[in-house]
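Below is one structure, written out as structure tokens; the observations come after it.
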Amino acid sequence: MPLYATALAGDHAVQFEVSVAGVCEAGLHTVVRAGDLAFEPDAQRVLIAWRTLPDSASGLVQLAAPAQVWAVALDDVAQLGRIVPGQRIALLEAAS
């Protein structure tokens, strides 16, 4: 951290393309919670899930591909809906 990228806005997640070497642990998910940060190994992307499913009262987000959740956002992720594809964005570590 930090991660800097050009935004790739999906329907339900903001995506950061990254180059990561390593092995993913077991437990990939296609349904996560709004605010989850996940790594999609097949596409080498970090995702921030933000827009919930229309019929989801529990804050669930459907991802396009399996991903491994590795963190949770501390800020309100609904504001990610204002990001324009191609916009420069940053993912920063929270101060402890």
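We did not get these values from a lab; they are worked out from the coordinates using the rules stated. The structure presented is a predicted model; accordingly, all values stated were derived computationally and were not measured. Virtual Cβ from ideal backbone geometry, glycine too; neighbours counted across all protein chains shown.
Highest-first packing order for the peptide set 64-75, 33-44, 84-95 is 33-44, 64-75, 84-95, based on the mean count of other beta carbon atoms within 10 Å. Once the Cα-Cα distance is subtracted from the 0.36 nm per residue extended length, the W70 to A26 segment shows a gain of 14.6 nm. Between V72 and L37, the built amide H atoms are under 5 Å apart, and every one of these is 5 or more places off in sequence or on another chain.
Full extension of the chain between A7 and R88 yields a length gain of 28.5 nm, computed as 0.36 nm times the residue separation minus the alpha carbon distance.
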